[in-house]
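Below you'll find the structure, written out as structure tokens, and then a few comments.
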Amino acid sequence: MPAEQPAVAPAASRGVPTIAAAARAVLATQYARIRKHAPGVLQDTDPEHVHDMRVAIRRARCALKLFGPWLDDAACRPVRRELSWLAGLLGGVRDNKKSRDALRACCLAARAPAFVRLQDGMLSIRYAHTLKALAHVLQPPHPVAADTSGPAAREGVRILRALITCTLKAAPAHVTPHALHGMRIQCKKMRYACEFLAPQVGEEVRDLAKQLARVQDCLGRHQDAQVTQTFLRRCAAMLMHHGEMAPEPLLMIGALVQCEREVAAQRRAAFASLCEAFVRQAKRVRARLGERRHDEHVPPSSPQNAPDDNDPRGLE
């Protein structure tokens with residue numbers, strides 16, 4: 001893998017931290033995690049390395065989009081695209097631990113070419129350039145330039161109010177797989193933003209992140225059940241194509257598909273109460289953040305393309 005100089009985390013600014021400084025600190029953490037797990041991914045020593053690297057990339061992509069208006073947005077956009085490419089490579093090699101015997105061969109057949117693509121990608125110049133570009137974004141624009149992006153606490157309140165509005169709008173009226181998948185993605189963005197900004201905004205935001213994690217876990221298991229059913233049906237088709245008509249593996253596939261159907265149904269039922277609790281808590285937090293914003297009596301000084309908490313479309 002091409003050598004890359006480690007990123008230097010931004011130095012803590014004196015006085016009140018700015019939103020740009022907070023953003024760079026978040027990105028520095030995710031950058032370090034990507035580099036930490038990369039050797040384990042390449043050596044294929046533990047599937048947890050793949051999982052942890054994917055999470056760090058998701059968080060980095062979320063932070064680049066969330067904080068782009070206060071960083072170099074033109075530099076952030078291509079980094080997000082390249083991290084999306086890398087996440088796609090990692091997604092192709094995730095393990096399916098429920099598969100055994102004949103299913104194991106199907107898993108390995110599907111995973112082997114994906115792992116080769118992942119290795120080729122992580123040993124390429126493109127991967128080195130992606131990390132270099134991410135390291136560049138998390139640095140201040142100039143060693144002596146003043147950071148005028150605005151206080152992190154004030155801007156964090158505006159960001160979170162806008163995201164809460166987006167997430168409440170994403171709550172599905174009809175519980176369909178497509179609607180639940182969209183809600184899961186929005187909850188993930190909201191949770192990451194709460195975790196990023198909790199040090200500046202306060203504990204009530206951290207509590208909201210915990211509630212979001214419960215909703216996200218429920219919807220994540222539902223999505224896993226949907227994906228697993230598709231994969232198992234593909235395995236059955238592969239076995240039949242190769243003349244493997246023995247009843248045992250086909251019966252096993254049928255039993256696993258039924259199990260995943262039941263899991264999906266259980267998660268859909270559990271989602272209703274979890275979503276209701278989240279909506280109540282989110283509305284309370286949004287109201288409190290609004291009171292704090294008005295109490296400050298300070299007009300926003302963020303860039304022109306920064307998200308407005310009355311128009312959350314920029315954070316969707």
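Bear in mind that the values in this text are calculations on the coordinates, not laboratory data. These numbers were taken from a predicted model, which means no experiment stands behind them. Cβ: placed from backbone, ideal geometry, glycine included. Neighbour counts: every protein chain shown.
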Exercise for the section: Can you tell me the FRET efficiency between H241 and V116 if r is taken as the Cβ-Cβ distance and R0 is 30 Å, rounded to the nearest 0.05? Expected result: 0.85
Handout entry: Extension gain from A133 to K210, taking 0.36 nm per residue of separation minus the Cα-Cα distance
Key = 24.5 nm
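How big is the dipole moment of region 18-140 about its Cα centre under a simple scheme where the beta carbon of each Lys and Arg is +1, that of each Asp and Glu is -1, and everything else is neutral? Debye, nearest 20, please.
Working: 21 positive and 10 negative charges, 49 e Å.
Computed charge dipole of region 18-140: roughly 240 debye.
With a Förster radius of 51 Å, plug the Cβ-Cβ distance of I125 and D224 into 1/(1 + (r/R0)^6) and report the FRET value to the nearest 0.05. Before the final figure, lay out each step's value.
Numbers: r = 34 Å, r/R0 = 0.67.
In this case the efficiency is close to 0.90.
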Completion exercise
Other residues with Cβ under 14 Å from the Cβ of R33 give, with Lys and Arg +1 and Asp and Glu -1, a net charge of +3
Practice task
Starting from the amide H of T18, placed 1.01 Å from N in the peptide plane, find each other amide H under 5 Å away whose residue is 5 or more places distant or on another chain.
Solution key: A152
Exercise for the section: Return, ordered by residue number, the residues of region 202-238 whose backbone nitrogen is under 14 Å from a label point located 7 Å along Cα→Cβ of H178. Expected result: none
